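Here is the structure we will look at, set down as structure tokens.
The values are calculated or read from the model by the stated rules, or taken from the named source; none is laboratory data. Please read all numbers here as calculations on a predicted model, not as lab measurements. Methodologically, a virtual Cβ is constructed for each residue, glycine included, from the backbone with ideal geometry; neighbour enumeration extends over all protein chains shown. Calculation scope for accessible area: heavy atoms of the full protein, side chains included, ligands and nucleic acids excluded. Shrake-Rupley method; radii C 1.70, N 1.55, O 1.52, S 1.80 Å.
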Amino acid sequence: MKVYEQPYTIPGISVQREGDELTVALEAVKPSDYQLYMGSSPQAEAITQPAAKSRDGVFHLTLPAENGPCYFMIKAQDFQTNIFSERVLQLKEAINVRDMGGYETEAGKFVKWGLLYRGDQLSKLVPEDISMLERIGLTTLVDYRSDHERTINPNKEIRTVKNLLHCDPQSSFSESAANAIDLHSENVKLVNSLENGEVEEKYLNGKGEKVILSYRDLVTAETAKKAYGQFLHACADKKNLPLLHHCRGGKDRTGFASMLLLLLLGVKREDIIEDYILTGIIRKERNQLKYEQYRELTSNQNHLDYLMALIETRREYIEASMDRIYELYDSVEDYMIQHFELTKEQIETMKSFYLEEGSAVWDR
């Protein structure tokens, strides 16, 4: 049975799953009487069920994936961890749906778990997947896909969802799917566009310069301003929580939106980058499969390098967006207020209900 290594929880803690067996490990600890506690909601007062004991900080427990998500804390005589969970929801037919909790701000606070989720499309969910999303009380879905994408791959119905927002930024990331009816036809369209000279020769390499330009453009594009403004204003109303925002693969359109929200909350730059590059870790096998599909359509190495640069999740892509904001505005707050018409009061209110006190690993 394959071992699933959760790509990130909180610093100093690793989580891996093998079927129904979960292993949680504190890193670099001294022997002590450690107790792992769990609960079904992400509040400290609800995480009271003893789950496992350990002297070395490594815990083994049986926890069927379909019963999740569960939330954990580790305690000993001299410390306790922050709340944490499995970063990626163990859905059967969506691989990149994950909790945005646990990231640290410059002010030393942490994003709460169980309120904000980002993901890929929800068109193939099976009943167990839907049950999990309903169990977390998912209230709002923000869908960045185009009308065409939503038509050919409509999301499954989730009964707890009361608000459905269509926020298409009309970015270049969705252009390849504009008239495609399936993945193969999309790949053919991409390769044909390269062979027909629709992409400038200077971009036909593995440097990702075209992607970087696209990420910079999203900062100021009017269509993106409208789409992401709607998303941020939805996040500003806690009646919309829990909220999941997604596109097709959960990389570009969703990655940019996630960056905006984490920046607004004051999350550290490296944590924002970490959140972005997780998609590449999660989709590693699928990206390799996509590369093999491209190779069936073209042997031009420059074209292959360009196509792979489109689907990879490089830190310089999301850094390009953040750097562009700082080039144009004196602060993130100025950008949020002037560009998206948020108020200072809204921003402070968002910080108050999305952030909580904590420590980077544990209090000793």
- Computed over the Cα atoms, what is the radius of gyration of the stretch 1-61 divided by 2.2 N^0.38 Å, N being its residue count? 1.15
- Task: Just need log10 I(q)/I(0) for the stretch 145-304 at q = 0.11, 0.14, 0.18, 0.19 Å⁻¹, Debye formula, equal scatterers on the alpha-carbon atoms, no solvent, rounded to two decimals.
- Result: -0.52, -0.85, -1.36, -1.48
- Task: Do me a favour and compute the ellipsoid semi-axes for the stretch 276-325 from its Cα gyration tensor, root of five times each eigenvalue, largest one first, whole Å.
- Result: 24, 14, 5
- Item | Largest-first principal axis extents of the Cα set of the stretch 175-264 (Å) | 49, 28, 21
- Starting with the highest mean, order 131-138, 100-107, 199-206 by the number of other Cβ atoms within 10 Å, averaged over the residues of each peptide. 100-107, 131-138, 199-206
- Message: If R₀ is 41 angstrom, what is the calculated FRET efficiency for the pair Asp56 and Val126, using the beta carbon separation as r and rounding to 0.05?
- Response: 0.65
- Two-decimal Rg/Rh across the stretch 189-230, once Rg and the Kirkwood Rh are taken from alpha-carbon atoms: 1.12
- Message: What whole-number volume per residue, in cubic angstrom, does the convex hull of the C-alpha atoms of the stretch 113-163 give?
- Response: 82 Å³
- Using the heavy atoms of the protein chains and a 1.4 angstrom probe, tell me the accessible area per residue for the chain in square angstrom. 45 Å²
- Message: Could you tell me the relative contact order of the chain? Use alpha-carbon pairs under 8 Å, at least six residues apart, and round to a whole percent.
- Response: 19 percent
- Mind giving me the nanometre distance, one decimal, between the label points for Asp78 and Asp217, set 7 Å out from Cα along Cα→Cβ? 5.6 nm
- With Rg from the Cα atoms and Rh as the Kirkwood inverse mean 1/r over Cα pairs, the stretch 227-363 has an Rg/Rh of 1.05
- Can you tell me what the convex hull of the Cα atoms of the chain projects to on average, as an area in nm²? 18.5 nm²
- Work out Dmax and Rg for the stretch 96-232 from the C-alpha atoms and quote the Rg first, both in angstrom. 17.9, 52
- Given a 1.4 Å probe and every protein chain left where it sits, what share in percent of the accessible area of the chain is carbon and sulfur? 47 percent
- Message: Roughly how far apart, in whole Å, are the Cα centres of the stretch 279-343 and the stretch 10-51?
- Response: 33 Å
- Query: Hey, what does the equivalent ellipsoid look like for the stretch 85-142, semi-axes from the Cα gyration tensor as sqrt of 5 times each eigenvalue, largest first, whole Å?
  - Reply: 24, 11, 10
